Amino acid sequence: MLRNSQSSGTSFLLPLFNWAHAKECIAGQKYKKGEIMLSIASKKTHRSYLSDELSRKFVQNERQEFLLHLASELAEQFHETADIIDQEGRFPFENFQKLKDCNYQSLTVPKQYGGEEISLYEFLLMQERLSQGDASTALCIGWHLGVIYDLRERQTWDSEKFKWLCHEVVQNKVLINRVATEDGTGSPTRGGKPETVAVKRNGKWVITGRKSFASMAIALDYSLVTATIQESGKVGSFLVDHRLQGVSVEETWDMIGMRGTRSDDLVLDQVELPEDALVELDQLESPKGNMGRAWLLHVPACFLGIAIAARNYAISFASEYQPNSLPGPIKDVPEVQRKIGEMDLELLKARHTLYSVAHRWDTYSEKRMEMSGELAAAKHIAVNSANKVVDLAMRIVGARSLQKSSPLQRYYRDVRAGLHNPPMDDAVISLLAKQALQSFH
């Protein structure tokens, strides 16, 4: 066993990665990481058209090789039930149990609190690969990991409160997400003020409101809920325990894409919270609050994972399908080859942008305050390229891509959702234009 070069304190250990050891883990054996046992209890799954080929090109060291392999093995398992979860429109509880069994939920927790403290680059690498197996699962766990990553990087919480949350994540394997969107305000990135209201009463906060698009609401242990404080008019974020009286989930998620996220409504009816539940207050007005939210890049990483799965499926299909009008499979047709080339061109453009921005964020912390435009552009490029790749894959496969038995129709429905995650395309273009014009003043 070798300690990670950046490890310290109570961090768990990473074994020196090798394929023989990985195979032992896949067989259900456990290896110890400090006080935490990490295992991949699973049967050998069919690899089909999923592949590490494109992901491995961005692996820089043994640690990342190990992390990618962990995500790959989980993706292979999730792939087997992805269609069923989509058809039934249910939350993938079984997938999340496997994630927890592997302590995936603690990957972004600081080492000093028992986590792996993965970098943004590593976060995206794993999420992109996990999404090939089941995008809904990847996006949901990405929200959880992203919240912890964001709190770790900005350090705006009381240190003891954050330490407590990390302990809950590592030891009790709780899940958390930010819940900010409301029907009446639309996306919070547009500046709408929450209609959810927080009132101070007898030394406690009382919150009432309804939040929409609350991903994995039914599986959450805690939510960070934005609310307008009645007395001051300021916007605060409150840590809400879902076990409290007055907290409920109303099943409103009837979308045709990302169905497994179960992004239902979170209803808060006179929920009483302790005074210290107010963990953030008007942070968008502070320097740290204005720092780009790099953690949101887990979103385009997930949608690129969908695109990669679609690309691989189309190439596999083209290599095998041979109509009787041709002497060989359709992969030999020039037009099919052109579309394959276009798919890879889009992925090269998007993935090099995404990973270079992530590397820049990780490496040059002093430049983070200036990276809002780069972060937004990376999301814009990645999500739009992902949609183009899925479209090209469907054109290669043809009418069969619309069959319910084809995963392409699910990829098509799922990848469209990325266009509606913030920042929106128009907001990105506007931001870049403003930054360009300001540079001439």
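The values are calculated or read from the model by the stated rules, or taken from the named source; none is laboratory data. Keep in mind that what you see is a predicted model, and the values were worked out from it rather than measured. In this analysis, Cβ positions are derived from the backbone assuming ideal geometry, glycine residues included, and neighbour counts consider all displayed protein chains. Only protein heavy atoms, including side chains, enter the accessible area calculation; ligands, DNA and RNA are left aside. Shrake-Rupley method; radii C 1.70, N 1.55, O 1.52, S 1.80 Å.
Note on segment 118-129: among residues that are closer than 19 Å to residue 173 by Cα and touching a Ser or Thr at 6+ places or on another chain (Cβ under 7 Å), the one that is surrounded by the most Cβ atoms within 10 Å (Cβ to Cβ) is 123. Candidates 221, 183, 150: the one that is of a type in the set (Asp, Glu), open to solvent by 30 Å² or more (accessible area, probe 1.4 Å), on the phi < 0 side of the Ramachandran plot and under 18 Å from the mean Cα position of the chain (by Cα) is 221.
If you check 44, 30, 100, 57 for being of a type outside the set (A, V, I, L, M), open to solvent by 10 Å² or more (accessible area, probe 1.4 Å), at pLDDT 95 or above and out of contact with any Gly (no Cβ under 9 Å at 6 or more places or on another chain), only one passes: 100.
Do we find that residue 268 is over 22 Å from residue 139 (Cα atoms), of a type in the set (A, V, I, L, M) and open to solvent by less than 30 Å² (accessible area, probe 1.4 Å) in this structure?
So residue 268 fits the description; yes.
Looking at this structure, is residue 359 touching a residue at least 24 places away in the same chain (Cβ under 8 Å), farther than 23 Å from residue 181 by Cα and surrounded by 15 or more Cβ atoms within 10 Å (Cβ to Cβ)? Considered against the rule, which asks whether it is touching a residue at least 24 places away in the same chain (Cβ under 8 Å), farther than 23 Å from residue 181 by Cα and surrounded by 15 or more Cβ atoms within 10 Å (Cβ to Cβ), residue 359 comes out as yes. Please find, within segment 103-117, the residue that is most open to solvent (accessible area, probe 1.4 Å) out of those that are part of a helix (DSSP H, G or I) and in contact with a Gly (Cβ under 7 Å, 6 or more places away or on another chain). Result: 112. Screening 338, 416, 395, 351 for residues that are modelled with pLDDT of 95 or more and open to solvent by less than 20 Å² (accessible area, probe 1.4 Å) leaves exactly one candidate, 351. Residues in segment 238-286 that are of a type outside the set (Asp, Glu), at pLDDT 95 or above and over 16 Å from residue 221 (Cα atoms): 252, 253, 255, 256, 257, 258, 259, 260, 270, 274, 278, 279.
Restricting segment 188-218 to residues that are crowded, with 22+ Cβ neighbours inside 10 Å and of a type outside the set (Gly, Ala, Ser), the residue that is modelled with the lowest pLDDT is 194. Of all the listed residues (348, 437, 431, 408), the sole one being aliphatic (A, V, I, L, M) and closer than 30 Å to residue 88 by Cα is 408. Of all residue pairs spaced 6 or more apart or on separate chains, those with beta-carbon atoms under 7 Å, a first member in segment 375-389 that is within 13 Å of residue 426 (Cα to Cα) and open to solvent by less than 40 Å² (accessible area, probe 1.4 Å) and a second member that is of a type outside the set (A, V, I, L, M, F, W, C) and modelled with pLDDT under 95 are 376/423; 379/423.
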